[in-house]
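*Asks:* Have a look at this one.
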Amino acid sequence: MSSAVAPTPEYELPEGYTHIYSGKVRDLYKTPDDRLLFVASDRISAYDWVLPTPIPDKGRILTAMSIWWFDRLSDLVPNHVITTNVPDSVARRAMVCHRLDMFPVECVARGYLTGSGLTEYQAQKSVCGVNLPPGLKDGSKLPKTIFTPATKAELGEHDENVTFDEVVAAIGQDEAQQLRRLTTLVYDRAASIAAERGLILADTKLEFGSRPDGTIVLADEVLTPDSSRYWPADEWEPGHAQPSFDKQYVRDWLTSPASGWDRHSGEAPPALPDDVVEKTRAKYVEAYERLTGKRFA
Ligand SMILES: N#Cc1c(N)ncnc1-c1cnn(Cc2cccc(F)c2)c1
C-alpha cells in the first residue's frame with residue numbers, strides 16, 4: 001500500500017483499547033486506563049511505501065532496542081515509558097506510555113551529512129540555517145553535531161526542514177533551546193556508544209513531549225533503525241550513499257531487475273522474496289546484538 005494509506009494493524013487488542021493512529025510501521029492506542037499503547041509492527045517501509053511483506057520480529061527487536069536506549073539515556077532525560085507489560089497479542093513489541101503534550105517538532109540531530117541535509121547543503125551550504133564548511137560530500141562527518149529540526153508531516157508526506165528560529169516561533173525560546181540541547185546530548189551519547197560497537201550513528205530523529213508540570217520527556221521510539229541511520233563503520237566512505245545497515249538488502253532487491261518494480265512508476269512494490277526477508281531480519285537482530293551485547297531471544 002502506498003505510504004499515503006494508513007495500514008490496518010495486524011493484531012487484535014482486548015476490549016477497552018482504542019485505536020488512535022497508525023503510522024507506516026507503528027500504531028498508537030488509548031489504553032483502558034487512559035494511557036497510550038505504543039506498538040511497533042513488523043511492517044517495513046522503503047522508498048516511501050509500506051511493503052506488503054512483514055519482517056518477522058522487527059517490532060520486537062526495535063522495541064527491545066528502544067527500551068535499551070531509554071535505560072541508557074535516563075540520566076540525561078526522563079522518558080514516557082510506564083511498562084512493557086502489554087496484551088499478549090503485542091507481547092514484546094509494545095510499550096504502555098504516559099500521554100504527553102507533544103511538541104510539534106521532529107528533533108533531528110546529525111553527525112554526518114546525507115539525505116535531506118545533503119540536498120539542502122548542496123543548494124545553500126547550510127542545513128536548517130546552520131552554516132557548514134565547503135567541500136562536504138554524501139556521508140561526510142560534520143565538524144560538530146547539528147540540530148536540524150523538521151515539521152511533522154502528514155502520513156505519506158515528507159517532513160520539512162525548518163530553522164531553529166522557526167522552532168522558537170512555534171514553541172518559544174526556552175523550550176526550543178531545551179529541545180536542541182537534549183537532542184544533541186542524546187545523539188552524542190548514542191553515537192559514542194554505537195561507535196564503540198563498530199556502528200556509525202549518522203543521524204537520529206527524536207520526539208519530545210511535556211508533562212503537565214512542564215517537564216520535557218523523551219517519547220516515541222528512540223535510536224532504532226527506523227528513526228535513525230546506522231552505517232557499518234568499516235564500510236564508511238564519504239562521496240556516495242552509504243549502505244543502510246538494515247534496509248540495504250530490501251533496497252537492492254527492490255531496485256534490481258529481479259523485482260520487476262520501477263520505484264518511479266507510482267505502483268505499489270511487490271512482495272519480498274524469503275531470502276531478502278530472512279537477511280533483513282538478521283540485520284535487525286545483528287544491530288540489536290551489537291549495540292546491546294545481548295542475544296535476541
Ligand atoms: N510516543 C508518544 C506520545 C506520547 N507519549 N504522548 C502523546 N502522544 C504521543 C504520540 C502521538 N503521536 N506519536 C507518533 C506516533 C507514535 C506511535 C505510532 C504512531 F502511529 C505515531 C506519538
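The values are calculated or read from the model by the stated rules, or taken from the named source; none is laboratory data. Note that this is a predicted model, so its numbers are computed, not measured. Note that we place each Cβ from the backbone using ideal geometry, even for glycine, and neighbour counts take in every protein chain shown. These accessible areas exclude ligands, DNA and RNA; they are computed on the full protein's heavy atoms, side chains included. Shrake-Rupley method; radii C 1.70, N 1.55, O 1.52, S 1.80 Å.
*Asks:* In Å², and per residue, what accessible area does the chain have when probed at 1.4 Å with the other protein chains present?
*Replies:* Heavy-atom SASA per residue in the chain reads 46 Å².
*Asks:* Kindly write out, for region 219-231 in residue order, the coupling ³J(HN,Hα) from the Karplus curve 6.51 cos²θ - 1.76 cosθ + 1.60 (θ = phi - 60°), rounded to whole Hz, with x marking Gly and Pro.
*Replies:* Values per residue, Gly and Pro as x: 10, 6, 8, 9, 6, 8, x, 7, 10, 8, 9, 10, 10 Hz.
*Asks:* To continue, here is another question. Which cross-chain or sequence-distant (5 or more) residues have an amide H under 5 Å from the amide H of Leu142, H modelled 1.01 Å from N in plane?
*Replies:* Tyr112, Leu113
*Asks:* Further question: Taking amide hydrogens as modeled 1.01 Å from N in the peptide plane, which residues meet the under 5 Å criterion relative to Ile200, leaving out close sequence neighbours?
*Replies:* Trp231, Ala233
*Asks:* Relative contact order for region 45-115: what percent, with Cα pairs under 8 Å and sequence separation of 6 or more?
*Replies:* The normalised contact order for region 45-115 reaches 26 percent.
*Asks:* What trypsin sites (Lys or Arg not before Pro) does region 251-297 have in DSSP loop regions with at most 15 other beta carbons within 10 Å?
*Replies:* Arg263, Lys294, Arg295
*Asks:* List the aspartates and glutamates whose Cα lies under 17 Å from the Cα of Lys137, skipping any in the same chain that are fewer than 8 positions away.
*Replies:* Glu120, Asp203, Glu235, Glu237
*Asks:* Here is a follow-up. Round to a whole angstrom and tell me the spacing of the C-alpha centers of region 187-228 and region 244-297.
*Replies:* Result: 23 Å between the Cα centres.
*Asks:* What relative contact order, as a whole-number percentage, does the chain give when Cα pairs under 8 Å and 6 or more residues apart are counted?
*Replies:* About 19 percent, as a whole number.
*Asks:* Have a look at Ser22, Ser228, Ser256 and tell me which one the Gaussian network model of the chain (Cα, springs below 10 Å) gives the largest fluctuation.
*Replies:* Ser256
*Asks:* Given just the C-alpha atoms of region 56-176, how large is their convex hull per residue in cubic angstrom?
*Replies:* 163
*Asks:* Continuing with the same structure: Can you bin region 241-281 into rounded, prolate or oblate? Criterion: square roots of the alpha carbon gyration tensor eigenvalues sorted a ≥ b ≥ c, rounded for a/c under 1.5, prolate for a/b above b/c, oblate for the rest. Mind showing how you got there, number by number?
*Replies:* Numbers: a/c = 2.24, a/b = 1.33, b/c = 1.69.
Taking the square roots of the gyration eigenvalues as a ≥ b ≥ c, region 241-281 is oblate.
*Asks:* Please report, in debye to the nearest 20, how large the charge dipole of region 208-279 is about its Cα centre when each Lys and Arg carries +1 at its beta carbon and each Asp and Glu carries -1 there. Intermediate values should be presented prior to the final figure.
*Replies:* Details: 6 positive and 14 negative charges, 46 e Å.
Computed charge dipole of region 208-279: roughly 220 debye.
*Asks:* I've got another one for you. Quick one: grab the alpha carbon gyration tensor of the chain, order the square roots of its eigenvalues as a ≥ b ≥ c, and give me rounded if a/c is under 1.5, else prolate or oblate depending on whether a/b is larger than b/c.
*Replies:* Because its axes are fairly even, with a/c under 1.5, the chain counts as rounded.
*Asks:* Where does the charge balance sit around Leu36 when Lys and Arg score +1, Asp and Glu -1, over other residues with C-beta under 10 Å from its C-beta?
*Replies:* In short, +2.
*Asks:* If you don't mind, another one. Carbon-plus-sulfur fraction of the accessible area of region 121-180, 1.4 Å probe, in percent?
*Replies:* The computed percentage sits at 46.
*Asks:* Amide H neighbours of Val108 under 5 Å, at least 5 residues apart or on other chains, H built in the peptide plane: list them.
*Replies:* Thr148, Ala150, Leu206
*Asks:* Assign one of three labels to region 219-272, namely rounded, prolate or oblate, based on the Cα gyration tensor with a ≥ b ≥ c the square roots of its eigenvalues; rounded applies when a/c is under 1.5, prolate when it is not and a/b is larger than b/c, and oblate otherwise.
*Replies:* Values: a/c = 2.54, a/b = 1.43, b/c = 1.78.
Judged from the Cα gyration tensor, region 219-272 comes out oblate (a/c at least 1.5, b/c at or above a/b).
*Asks:* Nearest 20 debye, what's the magnitude of the dipole of region 172-223 about its Cα centre given +1 on Lys and Arg Cβ and -1 on Asp and Glu Cβ?
*Replies:* Roughly 140 debye for region 172-223.
*Asks:* With respect to the cross-link table entries Lys205/Lys294; Lys205/Lys283; Lys144/Lys283, which display a Cα-Cα separation exceeding 22 Å?
*Replies:* Values: Lys205/Lys294 24 Å; Lys205/Lys283 20 Å; Lys144/Lys283 29 Å.
Pairs exceeding 22 Å: Lys205/Lys294; Lys144/Lys283.
*Asks:* Okay, next question. What does the charge count near Trp253 come to, summing +1 for each Lys or Arg and -1 for each Asp or Glu among other residues with Cβ under 10 Å from its Cβ? Intermediate values should be presented prior to the final figure.
*Replies:* Details: positive: Arg251, Lys279; negative: Asp252, Asp275.
That sum, taken over residues with Cβ under 10 Å, equals 0.
*Asks:* Report the net charge of residues surrounding Leu136, where surrounding means a beta-carbon distance below 15 angstrom and charges are Lys +1, Arg +1, Asp -1, Glu -1.
*Replies:* For residues surrounding Leu136, the net value is +1.
*Asks:* Mind putting a number on the dipole of region 20-96 about its Cα centre? Charges go on the C-beta only, +1 for Lys and Arg and -1 for Asp and Glu, and I need it in Debye to the nearest 20.
*Replies:* With Lys and Arg at +1 and Asp and Glu at -1, about 140 debye.
*Asks:* Can you give the longest stretch of the chain with no exposed loop site, where a site means GluC sites (Glu not before Pro) in a DSSP loop (not H, G, I, E or B) with at most 11 other C-beta atoms within 10 Å?
*Replies:* It works out to 16-153.
*Asks:* Considering the dipole of the chain built from charges on the beta carbon (Lys and Arg +1, Asp and Glu -1) around the Cα centre, which of Tyr29, Pro52, Val86 is farthest to its positive end?
*Replies:* The Cα lying farthest towards the positive end belongs to Val86.
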